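What follows is a short report on a single structure.
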Amino acid sequence: MRALNPERYRPKGVNAVVISVCNYKGGVTKSTSAVSLAQALSSLGHGRILAIDLDPQGSLTNLFGYSQTLDIESNMTTLPILMGHETSLKSKVLKTYWPGADLIPSDPALQSVESNFMRDIQENGLQAMLRLRKSLVELKTEYDFIIIDTPPSLNNLTTHALLNTDGVIMPLPPSNLDLCSASMFWDLFIETCARFGAEDHPDDAIFSFIKVFSPKVERTRSCQQVLHWIKETYARYLSGVQVPKSAAVASAADSFSTVFDTPPKGATYKRSISHDLVRDAYIDLAKEVEVEAMSIWYPSNQVKAA
């Protein structure tokens, strides 16, 4: 794929595109979407993907085949970097079962970043918020994409991710509660930017791209109405991707997997139409992300949709 269409991929000497998957609310398929996006990008030929789990709950870590309880200790996560005790993330990288996808896992101890935040800021100033950025520098040259899964809130772990990202992806299910929650997320983020001095440079873009897409889509009247409101609210930031609500997603999650995973040999398994629709939707989302990435990797070229 790289030989036939090289302009679709990261050129040598250019950094990875860093993406944060965020939402203020839990239960919106945030971690599932982060893993599925990594798998979809890998399936499109991007052979080096790094997933970073900043959520103390560790759903991304579990979905990539590691148990927080049995396999992970706090020194294997971003915690030593965020606390200022270490400066390199390289030693934290773990291989996963998915070809080309690596992982920096999470542990419940990451929650201490939140509890120590105010003291850290008082002692070290805003430099405390740059620790993740400095440690990502050495990894950006080794990967095509770095995907960060964040906690279901706009806390300081999420802020660390957002201040060090090229693009933001927000899964937003078509429900009134989720739409209201997303609005609160952006309001709080604007306040956070002001706190860190972003108002001093109002014309500078914080992100290269923002994509809002809808998972758990149904054909009900209420769902379609909220989808209309989401479209009116987010306009050009709204992805064309809609991931249908499917039992296949829940069934896969129950076994710590996604719709991209295949069963072991000999297992009885029948792929449903909805399974394929979900998988195809994440492939389409990955293609949209590809277009955004190409505009970053090749800024002088006008990129058309893949």
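Taking the stretch 214-245 as the search range and keeping residues that are without any contact (Cβ under 8 Å) to a residue 24 or more places away in the chain and not in a helix (DSSP H, G or I), which one is surrounded by the fewest Cβ atoms within 10 Å (Cβ to Cβ)?
Filtering the stretch 214-245 for residues that are without any contact (Cβ under 8 Å) to a residue 24 or more places away in the chain and not in a helix (DSSP H, G or I), the one surrounded by the fewest Cβ atoms within 10 Å (Cβ to Cβ) comes out as ARG219.
Go through the stretch 248-280 and give me each residue that's at pLDDT below 80, closer than 24 Å to GLY65 by Cβ and of a type in the set (A, V, I, L, M, F, W, C).
ALA248, VAL249, ALA250, ALA252, ALA253, ALA267
Looking at ALA109, ALA101 in this structure, which one is at pLDDT 95 or above, over 16 Å from THR158 (Cβ atoms) and touching a helix residue (DSSP H, G or I) at 6+ places or on another chain (Cβ under 6 Å)?
Numbers: ALA109 fails: at pLDDT 95 or above.
Just one listed residue meets the conditions, ALA101.
Looking at SER42, is it under 18 Å from the mean Cα position of the chain (by Cα) and surrounded by fewer than 23 Cβ atoms within 10 Å (Cβ to Cβ)?
When the stated conditions are applied, SER42 passes them.
Does ASN75 qualify as being surrounded by fewer than 15 Cβ atoms within 10 Å (Cβ to Cβ), in a helix (DSSP H, G or I), in contact (Cβ under 8 Å) with a residue 24 or more places away in the chain and of a type outside the set (Asp, Glu)?
Judged against the criteria, ASN75 is not a match.
Please verify whether TYR66 is under 25 Å from CYS180 (Cα atoms) and either of a type in the set (Val, Ile, Thr) or not in a helix (DSSP H, G or I) (or both), treating the condition exactly as stated.
no
State whether the residues of the stretch 165-174 include one that is touching a helix residue (DSSP H, G or I) at 6+ places or on another chain (Cβ under 8 Å), outside any strand (DSSP E or B) and open to solvent by 20 Å² or more (accessible area, probe 1.4 Å).
yes
So which residues in the stretch 89-139 are of a type in the set (Lys, Arg), under 20 Å from GLY65 (Cα atoms) and open to solvent by 40 Å² or more (accessible area, probe 1.4 Å), if there are any at all?
Scanning the stretch 89-139 gives LYS90, LYS95.
Which residue pairs have Cβ atoms under 6 Å apart, sit 6 or more places apart or on different chains, and have a first residue in the stretch 186-209 that is hydrophobic (A, V, I, L, M, F, W, C) and a second that is at pLDDT 80 or above and open to solvent by 40 Å² or more (accessible area, probe 1.4 Å)?
Taking only residues 6 or more apart or on different chains, the pairs are PHE209/GLU292.
The values are calculated or read from the model by the stated rules, or taken from the named source; none is laboratory data. Owing to the predicted nature of the structure, the values given are computational and were not obtained by experimental measurement. Cβ coordinates were reconstructed from backbone atoms using ideal geometry, including for glycine residues, and neighbour counts include every protein chain displayed. Just so you know, the surface numbers come from the protein's heavy atoms only, side chains and all, with ligands and any DNA or RNA stripped out. Shrake-Rupley method; radii C 1.70, N 1.55, O 1.52, S 1.80 Å.
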